[in-house]
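To start, the structure itself, in structure tokens.
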Ligand code: NAD
């Protein structure tokens with residue numbers, strides 16, 4: 001059995017707590033490795049290394065720091081297949097989807113190569129007589145990030161690329177379900193020229209997270225994961241005086257107007273609802289057709305497409321549409337919610353409950369499901385299922401459809417499919433959701449825009465990547481400078497103003 005490590009100060013280090021988490025191959029159900037779960041002492045060791053290394057890194061000019069990221073991009077590209085394979089093996093997603101996970105993180109790294117431009121600061125010449133004023137964007141110091149299982153490459157890179165480009169040291173606590181790719185990323189950063197101690201990986205669970213939350217030296221914490229944990233981390237981190245941004249769960253609605261291209265809408269729903277087995281925070285989990293006729297046409301188009309979905313292990317090649325879910329517990333949770341949908345009166349139009357794959361009977365596969373006649377009180381509507389389950393809620397009008405998305409507690413992503421520019425524009429303006437697609441089912445912003453939901457999908461003020469990341473990972477210092485050639489005036493006792 002492979003024993004995974006932490007990555008501290010440029011070295012793979014075995015865990016010393018004596019506690020481990022099982023890392024599965026979700027396709028076979030086998031435990032393939034064990035990940036060490038760090039104690040508070042191990043976290044403190046990582047912080048000490050980071051604290052020692054960070055000042056020299058912050059003092060390295062931003063162009064040189066950016067060159068490390070440039071080299072890292074090259075290494076990511078050369079190792080793409082290796083990274084994708086390691087990712088699929090622990091997560092279960094297909095190889096092309098795993099490569100996409102790496103690629104979307106790589107794009108954030110590319111964006112961060114522009115750090116010298118983002119960190120330039122501001123300067124006012126002659127703000128007063130003989131007085132210049134300038135603002136600097138300085139690194140915070142030691143920063144940390146806690147990431148979820150579902151994007152083990154992209155989300156760590158969302159955080160560590162801008163943090164490091166800004167001159168911080170970064171401690172990553174990845175998901176204990178799929179920690180291998182984060183460890184590989186840390187190695188590649190070092191190969192790209194990053195000094196030891198600037199990017200470290202501490203594997204762990206709540207104990208390590210709590211140690212991060214309570215450590216005085218850590219200045220900021222980024223979190224992505226489920227909403228209850230996001231809320232907890234935000235509260236405890238903020239009350240400890242840290243800068244915190246937390247991104248939580250989702251329930252993304254797609255509204256299908258009667259004038260939509262129904263083939264396009266159905267194709268979009270298949271990818272957005274079932275891709276990565278629905279384990280995406282931007283997956284569409286609720287379809288809201290407007291009018292019964294639209295709903296009937298949509299369901300008619302969806303059913304054959306769903307029944308044709310190919311579910312299988314990543315080793316079956318590019319032919320597979322989606323793979324297993326991450327753990328047996330995740331599978332049980334999904335099946336429990338499906339049962340609740342049936343019990344609470346929704347119509348299970350496509351029932352994947354008896355799905356089984358020959359040779360992979362112990363894998364965590366879940367067949368695709370489609371519900372119709374779902375209503376807002378049902379658990380399958382209120383809760384995030386995070387599985388290959390699409391719920392259809394029939395709305396009788398556009399207003400009712402918009403109201404559903406507005407009233408839901410989550411506000412990560414949403415989409416409208418229509419040919420009506422007025423409706424699309426009205427929707428984009430009014431909806432209280434952070435990322436909106438117009439005839440685009442998964443509107444994940446590119447690296448140079450920012451990513452973030454609203455409502456219970458986020459805790460904090462700034463989004464991920466894009467210009468917000470440079471705000472999150474720096475603080476502003478403003479200097480007012482005068483170089484007197486000799487004392488010309490006496491002391492002043494009232495506040496200086498510009499007249
Ligand atoms: P999770 O909340 O279970 O775990 C996320 C991280 O928190 C992991 O590193 C885990 O070790 C840690 N953690 C778990 N329990 C903890 C506890 N009690 N105390 C402290 N730390 C704890 O989430 P997950 O299952 O890994 O990921 C799926 C969730 O992430 C979904 O809800 C999904 O919507 C969400 N997600 C959100 C976004 C976004 O940008 N909004 C992106 C991806 C995933």
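The values are calculated or read from the model by the stated rules, or taken from the named source; none is laboratory data. Worth saying up front: this structure is predicted, and the values here are computed from it rather than measured. All Cβ positions, glycine included, derive from the backbone under ideal geometry; neighbour counts span all protein chains shown.
Every residue in segment 305-348 that is assigned to a helix (DSSP H, G or I) and under 18 Å from residue 275 (Cβ atoms), please. Of everything in segment 305-348, those that are assigned to a helix (DSSP H, G or I) and under 18 Å from residue 275 (Cβ atoms) turn out to be 305, 306, 307, 314, 316, 330, 331, 334.
Look at segment 105-132: where a residue is assigned by TED's automatic domain parsing to the domain that holds residue 470 and a partner is assigned to a loop (DSSP other than H, G, I, E, B), sitting 6+ places away or on another chain with Cβ atoms under 6 Å, you get 105/153; 107/447; 108/447; 108/465; 111/447; 111/448. Cβ separations smaller than 7 Å between residues 6+ apart or across chains give the following pairs from segment 291-303 residues that are under 15 Å from residue 391 (Cβ atoms) to residues that are in a helix (DSSP H, G or I): 298/262; 298/265; 298/266; 302/266; 302/269.
The C-beta contact set for segment 448-469 (first residue closer than 15 Å to residue 154 by Cα, second residue near the ligand (Cβ under 10 Å from one of its atoms) and part of a helix (DSSP H, G or I), distance under 7 angstrom, 6+ apart or interchain) comprises 464/158; 465/158. Taken over segment 214-235, the residue count meeting the criterion of being within 11 Å of the ligand (Cβ to nearest atom), surrounded by fewer than 20 Cβ atoms within 10 Å (Cβ to Cβ) and touching a residue at least 24 places away in the same chain (Cβ under 8 Å) is 2. Exactly one residue out of 438, 416 is buried (at least 19 other Cβ atoms within 10 Å of the Cβ) and touching a strand residue (DSSP E or B) at 6+ places or on another chain (Cβ under 7 Å), and it is 416. Each residue in segment 189-212 was checked for being surrounded by 20 or more Cβ atoms within 10 Å (Cβ to Cβ), over 19 Å from the mean Cα position of the chain (by Cα) and more than 19 Å from residue 52 (Cα to Cα), and 1 pass. Of the numbered criteria (1) farther than 26 Å from residue 302 by Cβ; (2) outside the structural domain of residue 124 (by TED's automatic domain parsing); (3) within 16 Å of the ligand (Cβ to nearest atom), the one residue 444 fails is (1). Please tell me if residue 285 is in contact with a helix residue (DSSP H, G or I) (Cβ under 8 Å, 6 or more places away or on another chain) and under 19 Å from residue 381 (Cα atoms). Considered against the rule, which asks whether it is in contact with a helix residue (DSSP H, G or I) (Cβ under 8 Å, 6 or more places away or on another chain) and under 19 Å from residue 381 (Cα atoms), residue 285 comes out as yes.
Among 96, 116, which is the only one that is over 23 Å from residue 470 (Cβ atoms) and surrounded by fewer than 17 Cβ atoms within 10 Å (Cβ to Cβ)? Just one listed residue meets the conditions, 96. When the residues of segment 146-180 are filtered to those that are part of a strand (DSSP E or B) and more than 21 Å from residue 386 (Cβ to Cβ), the one that is farthest from the ligand (Cβ to nearest atom) is 169. Can we say residue 306 is out of contact with any strand residue (DSSP E or B) (no Cβ under 6 Å at 6 or more places or on another chain), crowded, with 20+ Cβ neighbours inside 10 Å and closer than 16 Å to residue 355 by Cβ? Spelling it out, it is not the case that residue 306 is out of contact with any strand residue (DSSP E or B) (no Cβ under 6 Å at 6 or more places or on another chain), crowded, with 20+ Cβ neighbours inside 10 Å and closer than 16 Å to residue 355 by Cβ.
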